[in-house]
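Heads up: the structure comes next, in structure tokens.
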Amino acid sequence: MKLFRGTFLDTPDDPFAGGALRSEEDGGVLVDDGGTITARGAFSALAPAHPDIEVVDLRGGLVLPGFVDTHVHYPQLRCIGALGMPLLDWLEGCALPEEARLADPAYAGELARAFVGALAHAGTTTALVFGAHYLDATEMLFAEADRVGLRITSGLVVSDRELRADLLTTPTRAYDESLILAKRWHGVRRSRYAVIPRFSLSCTPELLDACAALLTDLPGSMFTSHVNENPAEVARVRQLDPEASSYVDSYARHGLLGPEAILAHDVHPTADELSVLAAAGSAIAHCPTSNLTLGSGLFPLRAHLDAGVRVALGSDVGAGTGLCLFKEGLQAFFVQQALGADGVRLTPAHLLHLATTAGAAALGLSSTIGSFTEGKQYDALWLRPEADSPLDILLRTAASPDDALAKAFAHGTSTDVAQVWVAGEVVG
Ligand code: GUN
Ligand code: ZN
């Protein structure tokens, strides 16, 4: 048992449904040896009942639930910073040549270590990760995440058309290799399997059928892909799949959309597509820095909320500009501001919700992670900037917990994350 002491902020009640930020200044969170939170409240109320317990003193700074990144590409860590190309040019000229390098297991192993380390350093404790197009490289990601202790849902990325030849597979091989990986990792400790066709643009109907078979054959697995990111991409999908009534339908008609599906971007949806997503209970990973880097557009959050489509945050590294969800939250805020009257006024509590509880819900992990509620696992990050740094001064002089959280999103980076826990144990 441990008693964590500090200022805890979380969002157990959805701010989009009227919930407020929950804060406990000089709070205590009691965690058992299995990493489960057994009590929370004022430190002064909890401490007397546990006189001999190990106290982890996190006073100064803020303790937040570990971030949940619902869309990130492990092979693209070294692609960050290719600014200014539209999606299809960026894929061909930047991302896909780098992804092809993961055919070399030595290169992939090095990248897996760097990626998992950087994810933990950013305060991300749970992530839905695009693996590689290669079995060995994807295996290395699972192995490294398992070694470090992060909660990873990932899988082999599959494609069988339109991309460079060395990234292509066949429906049979995609099914077989995915099953090999899933048998090794799905449901093993903190790892789960995700079925990942790269996007319907690069997948024949036969490959999408193989993906549907995998989803059926792997109970509890997730589904993820991309949708409606860029107008040229949307037009190409229409050309390639004339039988699908829309980009969303290119997945739905293969039975791929349900509550276990998370699609990235959705910057250019139609009203019909939003209805289909809402009825399916599928979620969207909103990736603001990526959408702005590639000029994909301003995310219509209002339309998603009005339609009842679930939304969480994704870094989308390497089109996104970094792994830390403080930056994605801030950029999500900026995008809604830029939309003026069409935008949603996002408060700091909305941003924390999008980066934690919304991601946990999208990944079907609400009962396990996302807030400091009793019964959940203690996954947390300690935002503890260097003494007398600008952020330290901002946090010390904040007018309220909401104000402190706004300052954390405005100024916080991975460098300010001093320590990270999964299930009560330090990671990274
Ligand atoms: N669509 C298909 N692949 C990708 C990718 O790697 N990044 C982004 N942003 N969009 C994609
Ligand atoms: Zn992506």
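Identification of strands (runs of 3 or more DSSP E) wholly contained in the range 119-224 with 1 or more residues that are at pLDDT 95 or above and open to solvent by 10 Å² or more (accessible area, probe 1.4 Å) yields 151-155, 192-197. Figure legend. Inter-residue proximity from the range 101-129: first residues within 21 Å of Cys287 (Cβ to Cβ) and of a type outside the set (Gly, Ala, Ser), second residues part of a helix (DSSP H, G or I) and open to solvent by less than 10 Å² (accessible area, probe 1.4 Å), beta-carbon distance below 6 Å, spacing 6+ or different chains. Indicated pairs: Phe115/Tyr74; Val116/Ala145; Val129/Tyr74.
The rows are residues; the columns are (1) open to solvent by 50 Å² or more (accessible area, probe 1.4 Å); (2) at pLDDT below 95; (3) touching a Leu at 6+ places or on another chain (Cβ under 9 Å).
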{"site": "Phe16", "(1), (2), (3)": "yes, no, yes"}
{"site": "Asp33", "(1), (2), (3)": "yes, no, no"}
{"site": "Leu62", "(1), (2), (3)": "no, no, yes"}
{"site": "His71", "(1), (2), (3)": "no, no, yes"}
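Taken as a whole, the condition of being touching a helix residue (DSSP H, G or I) at 6+ places or on another chain (Cβ under 7 Å) and either over 25 Å from Phe326 (Cβ atoms) or free of Cβ contacts under 8 Å to residues at least 60 places away in the same chain (or both) does not apply to Pro97. It is to be established whether one or more residues within the range 97-112 are among the acidic types (Asp, Glu), farther than 20 Å from Gly187 by Cβ and either open to solvent by less than 60 Å² (accessible area, probe 1.4 Å) or touching a Gly at 6+ places or on another chain (Cβ under 9 Å) (or both). Within the range 97-112, one or more residues are among the acidic types (Asp, Glu), farther than 20 Å from Gly187 by Cβ and either open to solvent by less than 60 Å² (accessible area, probe 1.4 Å) or touching a Gly at 6+ places or on another chain (Cβ under 9 Å) (or both).
Restricted to strands (runs of 3 or more DSSP E) entirely inside the range 255-329, those with at least 1 residues that are open to solvent by 20 Å² or more (accessible area, probe 1.4 Å) and more than 16 Å from ligand 1 (Cβ to nearest atom) are 310-313. Taking the stated definitions as given, is Leu77 more than 30 Å from Val344 (Cβ to Cβ), within 16 Å of ligand 1 (Cβ to nearest atom) and either in contact (Cβ under 8 Å) with a residue 12 or more places away in the chain or open to solvent by 20 Å² or more (accessible area, probe 1.4 Å) (or both)? It is true that Leu77 is more than 30 Å from Val344 (Cβ to Cβ), within 16 Å of ligand 1 (Cβ to nearest atom) and either in contact (Cβ under 8 Å) with a residue 12 or more places away in the chain or open to solvent by 20 Å² or more (accessible area, probe 1.4 Å) (or both). Within the range 227-254, which residues are open to solvent by less than 30 Å² (accessible area, probe 1.4 Å), without any contact (Cβ under 8 Å) to a residue 60 or more places away in the chain and part of a helix (DSSP H, G or I)? Val234, Val237, Tyr247, Val248, Ser250, Tyr251 - these are the residues of the range 227-254 that are open to solvent by less than 30 Å² (accessible area, probe 1.4 Å), without any contact (Cβ under 8 Å) to a residue 60 or more places away in the chain and part of a helix (DSSP H, G or I).
The values are calculated or read from the model by the stated rules, or taken from the named source; none is laboratory data. Predicted model, so just to flag it, every value in this text is computed and none were measured. When we count neighbours, we look across all protein chains shown, and the Cβ atoms used for this are built from the backbone with ideal geometry, even at glycine. Heads up: the accessible areas ignore ligands, DNA and RNA and are worked out on the full protein's heavy atoms, side chains in. Shrake-Rupley method; radii C 1.70, N 1.55, O 1.52, S 1.80 Å.
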